[in-house]
Every structure is written in structure tokens, then in C-alpha cells.
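S.K.: Next up is a structure, given as C-alpha cells.
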Amino acid sequence: MPNNAESALIERDIAHLIHPLHNRKAHAGGKVWVGGEGAFLIDANGERFIDGLSGLWNNTAGNGRRELIDAGAKQLASLAYASSYAGSSNPRAIELGERLAAIAYPDINRFFFTSGGGEATDSSIKMARYYWKLKGKPDKTKVISRVWGYHGVTLAAMSATGIDAYWAMFEPRVPGFIHIPTPYPYRYQAAPGTVSQGVAAADELEKVILAAGPDTIAMFIAEPVQGAGGVIVPQDDYFPRIREICDRYDVLLVADEVITGFGRTGTMFGLEHWNVAPDIIQFAKAITSGYFPLGGIGISDEIADVMEDSGTPFMHAYTYSAHPTGCAIACAMLDVIEADDFPGQAAVKGKRLLDGLKDALGGHPNVGDIRGLGMMCAVEYVEDRAAKTAFDAAQGIGTKIHAATMERGMFSRVRGDVYCLAPPIVTDEDTIDRIVEIMADATRAVLG
Ligand SMILES: Cc1ncc(COP(=O)(O)O)c(C=O)c1O
């Protein structure tokens, strides 16, 4: 490791910190970020990198956004914190609830706030179980989710997450969680039949509901576009069929919009692409553009009515639920999203990015798939394009390509050999074109 400002900080860091997804031996050469300007991150040596994943898919407005900084500072000065337990409230949380009701799916008008996405998953699961108990169906407790789904890593959220690397060292998982295959258009292969691949993939849900017994299933949770699992965009007929199946068997449909919410895919929320409305929505990340840890869930009027009529408290709580400072920043962020038309920008800029990647890399023999929706894209590298054979994991192709993109001034994340891209929505056109050039150069450098 070169002797420089960053390596000195890393030495101090590894003496005391345990990072998420971390092992000292594997990550001795980490990064220390000291600054951010719009769509760029600056490391401790003063080097600039394109923020290819908007932090962790969250910082859609980029760094240094004055409105968000001012909203946070103003709120900290007047009321930094107050409890929201048992009916206590604050004006910024009230405003945020009203504003979310105005932009979320029409039937979703009541909100519970958390500190992030994993807590939002736990909150959905507990809300679904609470609802079914109030409805006199206490056995409806099971949760169905999908392979490659990512819903966070608290013990319950981890059990919903469908990526086994997150389970291995923490088994046993919470009982009552079932995974179905992902629709993954590049790889999902239903047995030949009369229905489309999207319908066949959705019908996997019906099969497990029937096998487990509809009276035992509380909810099905899905990201409109699977993010951390490798930016998997479903077939157009997938979610409409999922909605039908959930309705048929009285299963709540939970949309995990922690990444797809607030414009990322080119619509305000992801399921709008397919005219499908969920019973519960989860959000986090871009609601504050990462300027404050805030997430939550929104519930349908039906669930809210049952809750209200029951008089039974929802005994679920976080100290930082409806944190006034987080809510103030979220309200300011909604102003930015609306004034700057983030969904519209993501649609146009995301198309430029996806088209650019297809032009630059579409013919490469080791590029199997280039996919995306709005400002969320991925490039999947394979050893044999015709057979879609993956590289041997020991070759670490994805990691090598990521290292090559860092040498060229971009930082992002890979899932195996899938390179994920979700730059800030504020990224300008020249920078988007530069991302494409970096991906093409890095691909050639690693794979020829
Ligand atoms: C779809 C989705 N749900 C939940 C989570 C978990 O959020 P957090 O890391 O804030 O707990 C994430 C994080 O990436 C996510 O992408």
C-alpha cells in the first residue's frame, strides 16, 4: 500500500472498526472518503471518482445540495429530536406524511417511519402479521420473497433476503420464510408451455402459496427492480400477474421500493411502470438522498381501517421513528425531486446510459447481458456468451473490472460478475458518457 494520507487513515481504521460486509484480510486496501461534489466522491488523497452507485443507491441528489443541508441545520437548531411514541408528533413528520400520501400509490395514505430499509422490512412483516391477527387469521404469518431479492440484514429482513451469502454465517434463519425463483429475464427458463416467461415466473408464487396453504401466508415481498441482486428488471407481465395471485389467495403484496422509490427508475415509484399497486410500500435511501438515515412503510387504506377499528396498539417502535431532522430533510428532498423532475430526468439520463453501454459493450464476447430501467443499469459478464456460462468465481472477474474502473476514476459495486450502475440522478450528460467510456476501457483492460 503506498504511503499516503489515505493509507495512514486506513491503518487507524482497521485497528478499531468493523465494517459492513467486511473482513480485514479481504479489505486491507479500503477507501477513505473525505468529500463529495455533486456526482463525484473525493478520497483522502484528493482523487475524484464518479459515484457510480450514488453512495449505496441512495444519494440521488448528489453531495453538497444546499436545500438539504439548510433544512437539516434549521431543524437541528429548533428541535433536534423528539419522540414519536404513542401519538407524540412533530410538524415535519406530519408534513412528510401528507406529502407522501400525495405522491404514493392512491390507496396508500398512512406511514410509519424507521431509520432505514432493513427496519422497513421488519416493520412490513410485523404490520402484515398484526393485520392478519386483527382480521381473525392468526395463522397467516409466512413471508414469501425471491431469490436475489435484497431486503436488508436484520435477522427477519435477512431471512427475507434471497442471497445466500448473507445467511451462511448466521443460520438458522427465522422460520416461516420461503423463497421463489426470480423472474430474471436473462436466466429464468420456465419449462416450455403456453404462458409467457413473466407469467410463468409469477406462477411460481401461486405454486408455493398452494403448497404451504394460503391460510398460512401473510405477504409476498418484492423489489420492483431487484437492485443489490444485480439490477434485475422483470418482464412487463410479471407484476400484474403477481397482483392477481396475491388477490386470489388473500396475500399482502409488499413493494420494497427502498431503491426504486422517488424517481430512480423513471417513475416516482417502481410498480407504476406496470400499473400495479401494492398493499404496503417500503421506502428509505433516496427519501433523504442519504443526508439522514430515514426509511419507513406506507399501508393501504384497508389495513389502516382495520388497525383503526381494532383499538389494539401496534407494539412496534424505533427511537428514531419520525425523527424531526430526518423528516425535515425528507420534506426538502421532496421539493427537490418535484422541482427538478427526478423521475423524468432518470428516464432520459438512464436511457442515455443504457443505450451508451449497449453501443459500447453489446458486441463484446464476454458481455452476456446489459439491462436497466431508468437510472439503474447492470452489465453481466460471462465466460461463454452463447451458453451464458458464468466465469469461475475464483477468477474474480467482477472484482477485477471494478478495480479497473477505479483506476479510471469511477467507484461502484459488483454482485459477482454483474457490474451495477446507479449514478446520482443529477449526474450530467458528459459524466454519463464518461461512465460508458470507463466501462468500455475497463472491460477491454480485463477481458481484451
Ligand atoms: C430493496 C432494499 N431493501 C432494503 C434494504 C436495506 O436497507 P438498509 O441497509 O437501510 O437497512 C436495501 C439496502 O440496500 C435495499 O436495497
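S.K.: Enumerate the residues in region 379-404 having an amide nitrogen under 18 Å from the point lying 7 Å beyond the Cα of Ile14 toward its Cβ.
M.R.: Of the residues in region 379-404, 403 have backbone N under 18 Å from the label point off Ile14.
S.K.: Just for the chain, what percent of DSSP beta bridges are antiparallel, to the closest 5? All intermediate terms of the calculation are to be shown ahead of the outcome.
M.R.: Working: 32 of 48 bridges.
If we restrict to bridges inside the chain, about 65 percent are antiparallel.
S.K.: While we're here: Run the Debye formula on the Cα coordinates of region 302-379, all scatterers equal and no solvent, and tell me log10 I(q)/I(0) at q = 0.15 1/Å.
M.R.: With one equal scatterer per Cα and no solvent, log10 I(q)/I(0) is -0.78.
S.K.: Beta carbons within 10 angstrom, averaged per residue: use that to sort the peptides 349-360, 191-202, highest first.
M.R.: Values: 349-360: 19.3, 191-202: 15.6.
Packing proxy ranking, top to bottom: 349-360, 191-202.
S.K.: Additional query: On average, how much accessible surface per residue is there in region 357-448, in Å², for a 1.4 Å probe, leaving out ligands, DNA and RNA?
M.R.: Numbers: 3610 Å² over 92 residues.
Heavy-atom SASA per residue in region 357-448 reads 39 Å².
S.K.: In what sequence, highest mean first, do 69-82, 165-178 appear when ranked by Cβ atoms within 10 angstrom? Intermediate values should be presented prior to the final figure.
M.R.: Values: 69-82: 14.4, 165-178: 12.5.
Per-residue mean Cβ counts within 10 Å order the peptides as 69-82, 165-178.
S.K.: Based on the alpha carbon coordinates of region 217-322, what radius of gyration and maximum Cα-Cα distance (Dmax) apply, in Å?
M.R.: Every Cα atom of region 217-322 included, Rg and Dmax give 14.8, 42 Å.
S.K.: Full extension from Arg173 to Ala101: what is 0.36 nm times the residue separation minus their Cα-Cα distance, to one decimal in nm? Mind dumping the intermediate values first?
M.R.: Numbers: separation 72, 0.36 × 72 = 25.92 nm, distance 3.44 nm.
Answer, rounded to one decimal: 22.5 nm.
S.K.: How big is region 256-392 on each of its three principal axes, counting only the C-alpha atoms and giving the largest first in Å?
M.R.: If we take the Cα atoms of region 256-392, the spans are 61, 33, 30 Å.
S.K.: How many percent of the accessible area of region 1-63 is carbon or sulfur, using a 1.4 Å probe?
M.R.: On the way: 2040 of 3700 Å².
Answer for region 1-63 is 55 percent, counting heavy atoms of protein chains only.
S.K.: Scale the Cα Rg of the chain by the rule-of-thumb value 2.2 N^0.38 Å and send over the ratio, two decimals. Intermediate results must be reported in sequence, preceding the final value.
M.R.: Values: Rg = 21.8 Å, N = 448, 2.2 N^0.38 = 22.4 Å.
Compared with the compact-globule rule of thumb, the chain sits at 0.97.
S.K.: Could you work out the local net charge near Asp70, counting Lys and Arg as +1, Asp and Glu as -1, over the other residues with Cβ closer than 14 Å to its Cβ?
M.R.: Working: positive: Arg65, Arg66, Lys74, Arg92; negative: Glu67, Asp335.
Its environment carries a net charge of +2.
S.K.: Let me ask something additional. Can you tell me the Rg and the Dmax, both Å, for the Cα atoms in region 136-233?
M.R.: Cα radius of gyration and Dmax of region 136-233 are 14.0, 42 Å respectively.
S.K.: What is the distance, in nm, between label points placed 7 Å from the Cα along the Cα-to-Cβ direction at Ser7 and at Asp164?
M.R.: It is 3.9 nm.
S.K.: Further question: In Å², and per residue, what accessible area does region 281-336 have when probed at 1.4 Å with the other protein chains present?
M.R.: Details: 1790 Å² over 56 residues.
For region 281-336, the solvent-accessible area averages 32 Å² per residue.
S.K.: Also, I was wondering about something else. Take Tyr85, Tyr318, Tyr131 and sort them by solvent-accessible surface of the protein heavy atoms, 1.4 Å probe, largest at the top. Can you show the working numbers first?
M.R.: On the way: Tyr85 110, Tyr318 40, Tyr131 10 Å².
Highest to lowest solvent-accessible surface, that is Tyr85, Tyr318, Tyr131.
S.K.: For region 1-74, with the dipole built from +1 on Lys and Arg beta-carbon atoms and -1 on Asp and Glu ones, taken about the Cα centre, which of Asn45, Leu21, Ile10 lies farthest toward the positive end?
M.R.: Among Asn45, Leu21, Ile10, the one farthest towards the positive end of the dipole of region 1-74 is Leu21.
S.K.: Another one. Please work out the C-alpha center-to-center distance from region 1-37 to region 156-184 and express it in whole Å.
M.R.: When both Cα centres are located, 30 Å separates them.
S.K.: Could you give the semi-axes, largest first, of the ellipsoid that matches region 1-46, computed as the square roots of 5 times the alpha carbon gyration tensor eigenvalues and rounded to whole Å?
M.R.: Equivalent-ellipsoid dimensions as semi-axes: 20, 14, 9 Å.
S.K.: State the percentage of accessible surface on region 310-383 attributable to carbon and sulfur atoms; use a 1.4 Å probe and exclude ligands, DNA and RNA. Please list the in-between numbers first.
M.R.: Numbers: 1430 of 2640 Å².
Whole-percent figure for carbon plus sulfur exposure: 54.
S.K.: Accessible area per residue of region 125-203 at 1.4 Å probe, in Å²? Spell out each step's value before the answer.
M.R.: Details: 3730 Å² over 79 residues.
It amounts to 47 Å² per residue over region 125-203.
S.K.: Applying 1/(1 + (r/R0)^6) with R0 = 35 Å to the Cβ-Cβ distance of Lys388 and Glu67, what FRET efficiency is obtained, to the nearest 0.05? Don't skip to the answer; put the middle values down first.
M.R.: Details: r = 45 Å, r/R0 = 1.30.
Result of the calculation: an efficiency of 0.15.
S.K.: Measure off 7 Å from each Cα along the Cα-to-Cβ vector at Tyr85 and Ala445, then give the distance between these two points in nanometres to one decimal.
M.R.: 5.3 nm
S.K.: Using alpha carbons only, how many angstrom separate the centre of region 69-129 from the centre of region 337-402?
M.R.: Cα centroid of region 69-129 versus Cα centroid of region 337-402: 34 Å apart.
S.K.: So, one more: Can you order the peptides 249-258, 297-306 by their average number of other Cβ atoms within 10 Å per residue, highest first?
M.R.: On the way: 249-258: 25.4, 297-306: 20.0.
The packing order, highest mean first, is 249-258, 297-306.
S.K.: For region 1-147, place one equal point scatterer on every Cα, skip the solvent, and apply the Debye formula. What is log10 of I(q)/I(0) at q = 0.09, 0.13, 0.16, 0.21 Å⁻¹?
M.R.: -0.52, -0.97, -1.17, -1.35
S.K.: Still on this structure, I have one more. Rounded to the nearest 10 Å², what accessible area does Cys420 have for a 1.4 Å probe in the complete protein model?
M.R.: 0 Å²
S.K.: Roughly how many nanometres apart are two label points built 7 Å out from the Cα toward the Cβ at Arg408 and Lys133?
M.R.: Taking the simple label geometry, Arg408 and Lys133 are separated by 5.4 nm.
S.K.: Across region 333-340, in residue order, what do the Karplus-derived ³J(HN,Hα) couplings come to in whole Hz, using 6.51 cos²θ - 1.76 cosθ + 1.60 with θ = phi - 60° and x for Gly and Pro?
M.R.: These are the phi-based 3J(HN,Hα) values: 5, 5, 4, 5, 4, 6, 5, 9 Hz.
S.K.: OK, next. Going out from 0 in 10 Å bins, what whole percent of all Cα-Cα distances in region 154-199 drops into each bin?
M.R.: P(r) for region 154-199, in whole percents per bin: 23, 37, 26, 14, 0.
The values are calculated or read from the model by the stated rules, or taken from the named source; none is laboratory data. Because the structure is predicted, anything quoted here is derived from the model rather than measured. All Cβ positions, glycine included, derive from the backbone under ideal geometry; neighbour counts span all protein chains shown. Heads up: the accessible areas ignore ligands, DNA and RNA and are worked out on the full protein's heavy atoms, side chains in. Shrake-Rupley method; radii C 1.70, N 1.55, O 1.52, S 1.80 Å.
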